[in-house]
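A.B. asks: Supplied in structure tokens, the structure appears directly below.
The values are calculated or read from the model by the stated rules, or taken from the named source; none is laboratory data. Please read these numbers as outputs of a predicted model, since none were measured by experiment. Here Cβ is always computed from backbone atoms with ideal geometry, including for glycine, and neighbour counts include all displayed protein chains. Quick note on the areas: whole protein, heavy atoms, side chains included, nothing else; ligands and nucleic acids left out. Shrake-Rupley method; radii C 1.70, N 1.55, O 1.52, S 1.80 Å.
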Amino acid sequence: MTDTEAVDPGIPESRLSDPRSSATGRYRRPGRRRANREPSGKLLAFMKTNRVLVVLALFAGVTGSIATIEHNVRRSIEWTQGRLNWRSYATDRIAELRANVTIDDFESRLGRPRIITRLSSAGTTSTSFTQRIYQQRGYWVQAVVDNDDTVRNFAVTVCDPKLHPTWKNKNSSGESYKIQLGVTKMTAPAKFEELQFVWSSAGANVPPFAFATSGGTRTNNYQSFAWGTTEVCAKGFPNFTDADYAAMEQHPTNGEEDVAGEDIAAEDISEEGPFALPPPSDAPDELNSLFSRTFVNTFVVFGIYDSIESAQFPLGTDSLTAALLSEDP
């Protein structure tokens, strides 16, 4: 008996004998075999005669890939810090801010401002100023910039009760002190023989405020500082009491009836600033309670040889601006 193999009757005999047919009866179409492709003679000759260019091209490709990876990693880190650990990230950003730097350097850390207010130099001063307001998560930054694009002073106001940026400075005797927003009380640094105050219960352009001020000596590079509280924040910091308002109205620091913050006529604008910030003075007994129990939510840094007496704008972001940009900063 002879073994026979079943054959599909639909396949022609000519294809059955063709070696390109498979055992299953499937016909493989002829095609070009893929040969190992090698660089052409011209390409090899170019690579041999231009080895420096080849190496540079490979190096550029590698460094470009590394730069792309580094950029993506940096963006990922910034996104993570900004979303998951934003308070630490904000504290680091605030610590990098400086007076006397260019506004470009300042904005490389904060981005573009939300509002810019220009002050026309209608008085004896030849310098014009702009106020720039930056809204950040949990805090506000005010920068006062002159017409040379130099930051003359800036103020950080914290509205998040868990955000505590810190400044370390020295008094005229060289003793160190620390101001921590949301933690330090206005009179907490007890190392100040030169500590004075400035306050106002209300004004046409500024909210109620109370600040302590010091500095301007060689130990702190002739910079001045102020720290205090305002009512810009909708939450997070207690507002002034009725007794506080009464005490501030009874004792305006400039000793006159027109309190800080009121507008002055254009011809009266001088180097002291157009908002008539009163000169710092000692605190009367009625305000000692306010200053001793009030937590600081704003810190102001004045540039070299500048001080609160030369302030061209109210200290910190005003409540009207804050309300305009956000109901809950």
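A.B. asks: Please list, in order along the stretch 303-316, the HN-Hα scalar couplings obtained from phi with the Karplus expression 6.51 cos²θ - 1.76 cosθ + 1.60 (θ = phi - 60°), rounded to whole Hz, x for Gly and Pro.
C.D. replies: Karplus-based 3J(HN,Hα) across the stretch 303-316 equals x, 4, 6, 9, 7, 5, 5, 9, 4, 9, 9, x, 7, x Hz.
A.B. asks: Quote the accessible area belonging to Lys170 in square angstrom, nearest 10, computed with a 1.4 Å probe and with ligands, DNA and RNA left uncounted.
C.D. replies: Result for Lys170: roughly 90 Å² accessible.
A.B. asks: So how exposed is Ser176, as accessible area in Å² (1.4 Å probe, rounded to 10)?
C.D. replies: Probe radius 1.4 Å; accessible area of Ser176 about 70 Å².
A.B. asks: With each pseudo-label sitting 7 Å past Cα toward Cβ, what's the Asp282-Ser176 distance in nm, one decimal?
C.D. replies: Distance between the two pseudo-spin positions: 3.1 nm.
A.B. asks: Can I ask one more? Starting from the Cα of Ser88, move 7 Å in the Cα-to-Cβ direction to define the label point; list residues of the stretch 155-183 whose amide nitrogen is under 20 Å from there.
C.D. replies: 160-167, 181
A.B. asks: Read phi for every residue in the stretch 142-150 and hand back ³J(HN,Hα) as whole Hz from Karplus 6.51 cos²θ - 1.76 cosθ + 1.60, θ = phi - 60°, with x for Gly and Pro.
C.D. replies: 10, 10, 9, 10, 8, 6, 9, 6, 9
A.B. asks: Follow-up question, since we're still on this one. Per residue of the stretch 171-183, what does 6.51 cos²θ - 1.76 cosθ + 1.60 with θ = phi - 60° give for ³J(HN,Hα)? Whole Hz please, x for Gly and Pro, Karplus curve as stated.
C.D. replies: Each residue of the stretch 171-183 in turn: 8, 5, 8, x, 7, 7, 8, 10, 10, 10, 5, x, 10 Hz.
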